[in-house]
1. Need one value: the accessible area of residue 194 in square angstrom, 1.4 angstrom probe, rounded to the nearest 10.
2. Net charge near residue 228, counting Lys/Arg +1 and Asp/Glu -1 over other residues with Cβ under 10 Å of its Cβ?
3. Give me the number: length gained by fully extending residue 178 to residue 126, i.e. 0.36 nm times residue separation minus the C-alpha to C-alpha distance, one decimal in nm.
4. With only alpha-carbon atoms counted, please give the Rg and Dmax of segment 170-269, in Å.
5. For residue 122, what is the net charge nearby, where nearby means another residue's Cβ is under 15 Å from its Cβ and Lys, Arg count +1, Asp, Glu -1?
6. Run the simple label-point estimate for residue 205 and residue 91 please: 7 Å along Cα→C-beta, distance reported in nm.
7. What is the local net charge at residue 165, summed over the other residues whose Cβ is closer than 10 Å to its Cβ (Lys, Arg +1; Asp, Glu -1)?
8. Stretched out fully, how many nm does the piece from residue 279 to residue 252 gain, at 0.36 nm a residue minus the Cα gap?
Amino acid sequence: MEMATGGEAAPEEGERRDWADLTPVCLAEAFSRLEPEDLWRGAMACCRSWREAARSRPALFAALDLEPAFEAIGADAAEWWTPAFQRRVDAMLRSAASLAAGGLREARVRHCSDDALAFAAKSSPQLSILSIRSSPGVTDRSMLTVASCCPILTELDISYCYEVSYKSLEAIGQSCPNLTVLKRSIFNWLDSSEHAQTVPAEYLRACPQDGDREAMVISRSMPKLKQLVLRFAKLSGVGLNSITEGCKELEVLDLFGCANLTSRGIEQAAANLKNLETLVKPNLYIPRSAFHMERYGHWQLYDERFQTNVFQI
């Protein structure tokens, strides 16, 4: 063993240090450098003293972001759509809201329930970012709680939440004046085979039909929107025009899969948006079998609706 300056023995290379000697303050500081998954499944699960050290610093729980874990798996898993999985997500959301002690600012989860979301909203007046995509258990009840309890909300993702209606959008718009990002996509209703093996069939069939009503609510109550994502939304030119007239600060507008829109109508509506930087058009191939001839009368009209290369058939 080498001697350090002053005659003290220097620790050998690779010598283990006793983490039990660290004070709770030092442990909490170390935990602040961990990724959320490492904090929850590693440090807090290690022992009681570490768990208490983490609990002593609410700022560690200011953000709950489960999206990286979901995205790492890729496509939806059938397990995610079960009550058992929902209970696991609910437990994490409730714990994060409690441990943050009113300081939860960002929550990105999937498959949570009404009760868990309402609890988190009531406990988190500082919440500014909320993503609850693919949460079939969330309804207008909890969303109205979000609207009343989280007035500084700036970003909301309620994609694939089919029990959330235009009433929630209206309440959020009226109570959260600083909302700048809204994502309200639905599953591909033209070809549901992509999700048929994972998402329950009855849920896919419950696809929201009131795209134009939601568009008009967005137009009236969310004038500060800068980013709006409406993938596969069932809105017509009337709804799109309403959005572009009421949300003139839009910089990003994503209309991928919105099959009821025409290229001409999109271009005319987008002309109202002077700050628009990114416009995602429907850009999809639609088989003739997806539409009924009696709806359009004859194929000449159908072909005219998709007359550009973007909509080529």
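The values are calculated or read from the model by the stated rules, or taken from the named source; none is laboratory data. Being a predicted model, the structure only gives us computed values, none of them experimental. Quick reminder, even Gly has a Cβ in these numbers, built from the backbone with ideal geometry, and neighbours come from all protein chains shown. Remember, those area values only see protein heavy atoms, side chains included, never the ligands or the DNA or RNA. Shrake-Rupley method; radii C 1.70, N 1.55, O 1.52, S 1.80 Å.
1. 130 Å²
2. With Lys, Arg at +1 and Asp, Glu at -1, the net is +1.
3. This chain segment gains 17.4 nm when fully extended.
4. Reported Rg and Dmax, both Å: 14.0, 40.
5. Numbers: positive: 94, 141; negative: 90, 114, 115.
Around residue 122, the surrounding residues sum to -1.
6. About 3.4 nm separates the two model spin labels.
7. Values: positive: 167, 213; negative: 140, 163, 170, 210, 214.
My count for the surroundings of residue 165 gives -3.
8. Using 0.36 nm per residue and subtracting the Cα-Cα distance, I get 9.1 nm.
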